[in-house]
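K.L.:
This is the structure I want to talk about, given as structure tokens.
Each value in this text was obtained by applying a stated rule to the coordinates, not by laboratory testing. Fair warning: this is a prediction, and the values are worked out from it, not measured in the lab.
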Amino acid sequence: MAKTELNFKGMSCPMPIMKTAIAFKKAASGDVFEVVSNDPGFEADITAWCSETKNRLDGIKKVGGDIIATITKK
């Protein structure tokens, strides 16, 4: 299992989700991603995306203006 950080700060919707989806297509089951965005809609978007794709949302935290989502690929 690999752990990968995806930094999408400065990108607005829908780019962080689109780029996350591309990275997940190349990943193996069980790979863990830490996805960072400062787009205000990212938390709702990544939560919905994980629900739709059945990837596990391990947690979301806010650090300053950044939203950091930890996700495990199904």
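K.L.:
Please list 3J(HN,Hα) in residue order for segment 27-32, calculated via the Karplus relation 6.51 cos²θ - 1.76 cosθ + 1.60 where θ = phi - 60°; whole Hz, with x for glycine and proline.
P.N.:
8, 9, 4, x, 5, 10
K.L.:
A follow-up question, please. Any of 9/74; 3/54; 26/61; 9/54; 26/73; 26/62 with alpha carbons more than 22 Å apart? Name them for me.
P.N.:
9/74; 26/61; 9/54; 26/62
K.L.:
Which of 54, 62, 25 moves most in a GNM of the chain, Cα contacts under 10 Å?
P.N.:
Maximum among the listed residues: 25.
K.L.:
Expressed as a whole percent, how much of the Cα-Cα distance distribution for the chain exceeds 17 Å?
P.N.:
Value for the chain (Cα pairs over 17 Å): 33 percent.
K.L.:
In degrees, nearest 10, range 0 to 90: what is the angle between the Cα axis of helix 15-25 and the longest Cα principal axis of the chain?
P.N.:
Its long axis makes an angle of about 10 degrees.
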